[in-house]
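Remarks on the structure that follows.
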Amino acid sequence: MLAALLLVAQVAAADTVATCRAPDDPQQRSWSLARRNGGWLVVFRSRALDRPTVELPLPNAAPQISATMTRVAYQSANGGRSIDWTIADGPSTIDVYVSHGLEVNVEPDLDPSVDLMNTEGAMQVVCQLSRSGRSEWIVSVGAARSVALFQSRAGRSYGVQTIAWGRELTREWGPGSLRGTFTWAVEALPIFAQFSPSAIYGFGFAPVVWRWNFTPRQRYSVFAELSMGGLWTSEPIPERTSRGNFTAHWGGGMRLRPRGANALVLAYRFQHFSNGNQLGSNPGVNSHVVLVGWSHRS
């Protein structure tokens, strides 16, 4: 099932070549170069729109695409739409002119909102080339407090230190605000330290961390994730159970003020660990965990 979903994701995401965003823009404008059914188009997003996107087809366009840069030089026969766009992974330039009044005579179904794409001359933008295979390290520390839920008890507090590595398996895909990329990661928990009600130490490992990276904004990016793994401790947790537990968490976070490949990470997760009913009961521990860390993407 997962393989099928990833295959669908790859097919759906193969259209987008790059996305460029206007820095410090109150309207949060972005222009994406995409390919659909063999033809090229610009996909525009903005807070000024009353829908998620508006599209501008570029009939017979022939972008020049390399591993590090894409160049689009396009003009329609009547001069009603023209693009001069140099796309690199980072600072780039875009110059878009489109007149719905002129172009609707050629393309009757053209959306009037295409006029919002205009940049009024060359504009500096920040672009991200759409490609799978990017990797990310996240190192973080956090504090947790358990809550009373089902058979678990409140009042347990502990600290953790995590090291995770993941790789994007898809390009950007998905509708509207859900658009993003899928990452499979693994996470080590080299330090687990319970402070109360007793001192207990341990370590853990999660071979399955599924992370959805939503389309990034200029100053931040958001992700959601869930994981499955194991935890081994110096004493049983909870008491009178076992020293080995299954673990799972679900939550999300935010990368703040990215500078190149690096960013500050703030995250929250709801953490569960228990023996999986191996002892005839499954009291477990359920906790709110807050983490702060550092991200490096390459």
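Every number here is computed from the coordinates shown, using simple stated rules; none is lab data. From a predicted model like this one, the values you see are computed outputs, not experimental measurements. Note that we place each Cβ from the backbone using ideal geometry, even for glycine, and neighbour counts take in every protein chain shown.
With the charge dipole of region 127-181 set up from +1 on Lys and Arg Cβ and -1 on Asp and Glu Cβ about the Cα centre, the Cα lying farthest toward the positive end among the listed residues Ser146, Cys127, Gly166 is that of Ser146.
Treating the angle as unsigned and between 0 and 90°, give the value, to the nearest 10°, between the Cα long axis of helix 2-13 and the longest Cα principal axis of the chain. Result, in degrees: 30.
Ordering Thr247, Thr181, Thr68 from the fewest to the most neighbouring beta carbons within 10 Å gives Thr68, Thr247, Thr181.
Here is the list for region 177-258: GluC sites (Glu not before Pro) lying in DSSP coil, each with at most 15 other C-beta atoms within 10 angstrom of its C-beta, are Glu239.
With R₀ fixed at 35 Å, the C-beta to C-beta distance from Val106 to Val222 puts the FRET efficiency at about 0.35. Counting neighbouring beta carbons within 10 Å and listing from fewest to most, the residues Ser113, Ser242, Ser295 come out as Ser242, Ser113, Ser295.
Calculate for the chain the 222 nm mean residue ellipticity that helices alone would give, adding -39,500 (n - 2.57) per DSSP H run of length 4 or more and normalising by residue count, nearest 500 deg cm²/dmol.
Numbers: 2 runs with 16 residues, N = 298.
Mean residue ellipticity at 222 nm (helix-derived): -1500 deg cm²/dmol.
Footprinting exposure proxy ranking of Ser46, Ser274, fewest other C-beta atoms within 10 angstrom first, gives Ser46, Ser274.
Looking at region 27-128, which trypsin sites (Lys or Arg not before Pro) are in a loop (DSSP not H, G, I, E or B) and have at most 14 other Cβ atoms within 10 Å? Provide the component values of the computation, followed by the final result.
On the way: sites: Arg29, Arg35, Arg36, Arg45, Arg47, Arg71, Arg81; in loops: Arg29, Arg47.
Here the sparse-neighbourhood loop sites are Arg47.
In this simple spin-label model, placing a label point 7 Å from the Cα along the Cα-to-Cβ direction at both Arg153 and Ala261 gives a separation of 4.8 nm.
Tell me, Kirkwood radius of the chain from alpha-carbon pair distances, in Å?
Hydrodynamic radius (Kirkwood, Cα only) of the chain equals 21.6 Å.
Could you tell me which GluC sites (Glu not before Pro) in region 82-137 are loop residues by DSSP with no more than 11 other beta carbons within 10 angstrom of their beta carbon?
Glu120
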